[in-house]
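The block underneath contains the structure these notes are about, expressed in structure tokens.
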Amino acid sequence: MLSISAICPLFVFGVGLAVYLNTLGNDFVYDDIRAIVNNPAICDWRGIPGLFFQSYWSSSAEAIYRPLTVISFALNYALFGLTPWSFHLVNVVIHAINSTLVAVLLRRLTGEMTALMAALLFAVLPIHTEAVASIVGRAELLAFAFSILFWLTHSKGRKIWAAFSLAMALFSKENALVILPLVFLWEHLPLEKARMRSHYAWLIYAGVAFAWLLLRRLVLGQWGLDLEFQYFGTTDSLTRVLTMSVFAWRHYVWPMVTGTGLCADFSPWSFPFVDAGDVWGWLSLSVWITVLGFSIWLLFSWKTAGRKSLLRQWSGYWILWFLIGLAPVTNVFMPIGTIGAERFLYLPSLGFCVILAWAISIVFKPSPPRGEGRVRGALKLGILVFYYGALIVQRNTVWKNHRTLFEDTVKKAPNNSLAHSMLGIALAKNGEYGRAIEHFQRALEINPTSEAVYQNLANAYRQSGDSAMAVRALTQWMTRFPNNPAPRELLKSLH
């Protein structure tokens, strides 16, 4: 007969699996096309060793190095071919495993009840939808899985397995590097005892990280991201910090807590830059600084080794988990290619889940004579899990295909040029040229420098039978980009 300690992880696994099962009918969408459908590197499993020596985007100079993620795509392709359901299934299973790993890890750190609640919340947190429903989100899933395995194996003193897990996490996605300071910090909490504090182990992990950095530099030929691929480009640091302060509250914290307002893309112009004259920018930054200071105060304000001091210290740690986990993708410490994405919350959100689980556990205290507190607490947790789960099931349908995804995106981000362009392409493929033309025109109003949109607009006019407007679109393209011969060639084909 299974024990409670065995049933809980299985239950968490089942919940994590169930809420994403309706993604199995979804198609390849958005970046899946570039990373999988149009990626010849994954089509031959015999080329897998060579994937360690090429960029994530095989057809781009963008400096991203995630060989294990690409290898997983290649294995997926070798076993099941180019079938969307199989790629989605792997993502769903990895997420369910990750939720189970959360339960296993937290049971060692915080106790059975908190572990179960936090793992259930992690399994159904709607902000994770992009990481699971978008196949390229597998980078987040694998990086998280191996990061937690690193912590588990390290805590058991298995240095070699821990080093291997760390390497696999880094080969999955670059921001997995944050697991090192996070685990190191936990080990050195003042009130935590009997932690493994082997300096030899940390030297091994530092060596793994350094070797990964060197290999990444060797493959990509550079340390960071080229300026042309950076979202903020030459924007000054203050504007970058203020913009990210506002963006994080609006598009990270609020959707993470409420499960609403989720948006698939934040391309340029979809979120306005915040300059030094914007009071909301300074207010948002002040709140973030306050949260950081509060978490540090919680971490070091203990007086005795009592349970209250321990909970206070743990709370400070898990707030810092969120902040440190998010730091590499904030554009504050290093520039990246986007202002943000919901998938970036996959690892940091564990801190939120633990804090929320502790908040709910307050009502789990026995209430004589019949333990009504436990019943009320279980009911509240059940309602929240059901609410979050229902939001995920609904959100999964948004990721069904290009049309559903970008119809939702243009509603959430009406100034997103890319979303209008992608929706126009989807509509044109369906023969809805009138609506496609409207979205192409809107995309050019927002960003008149996109050559691909001019071509798509001209094609939509031509396919709808309006050659005169097709010529006009090509002429506009040629006028704005006189050195590009493509519009001239297309004009000749229309005459």
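The values are calculated or read from the model by the stated rules, or taken from the named source; none is laboratory data. From a predicted model like this one, the values you see are computed outputs, not experimental measurements. Please note: Cβ atoms are built from the backbone with ideal geometry, for glycine as well, and neighbour counts cover all protein chains shown.
Select from the range 37-70 the residues that are crowded, with 21+ Cβ neighbours inside 10 Å and among the β-branched types (Val, Ile, Thr) and write down the one among them that is modelled with the lowest pLDDT. Going through the qualifying residues, I end up with ILE42.
The residues on offer are VAL287, VAL257, VAL208, and the sole one that is of a type in the set (Val, Ile, Thr), assigned by TED's automatic domain parsing to the domain that holds GLY50 and at pLDDT 95 or above is VAL208.
Aliphatic (A, V, I, L, M) and either modelled with pLDDT of 85 or more or under 17 Å from the mean Cα position of the chain (by Cα) (or both): does that describe LEU227?
Working: aliphatic (A, V, I, L, M): yes; either modelled with pLDDT of 85 or more or under 17 Å from the mean Cα position of the chain (by Cα) (or both): no.
No; evaluated as a whole, the condition is false for this residue.
Go through (1) touching an Asp or Glu at 6+ places or on another chain (Cβ under 8 Å); (2) crowded, with 23+ Cβ neighbours inside 10 Å for TRP186 and report which single condition fails. Only one criterion in (1) touching an Asp or Glu at 6+ places or on another chain (Cβ under 8 Å); (2) crowded, with 23+ Cβ neighbours inside 10 Å is unmet by TRP186, namely (2).
Across the range 439-468, which residue is modelled with the highest pLDDT among those that are under 30 Å from PRO255 (Cα atoms) and surrounded by fewer than 19 Cβ atoms within 10 Å (Cβ to Cβ)?
First, pick out the residues of the range 439-468 that are under 30 Å from PRO255 (Cα atoms): 439-440, 442-447.
Still in the running and surrounded by fewer than 19 Cβ atoms within 10 Å (Cβ to Cβ): 445, 447.
Working: GLU445: 93, ASN447: 90.
Going through the qualifying residues, I end up with GLU445.
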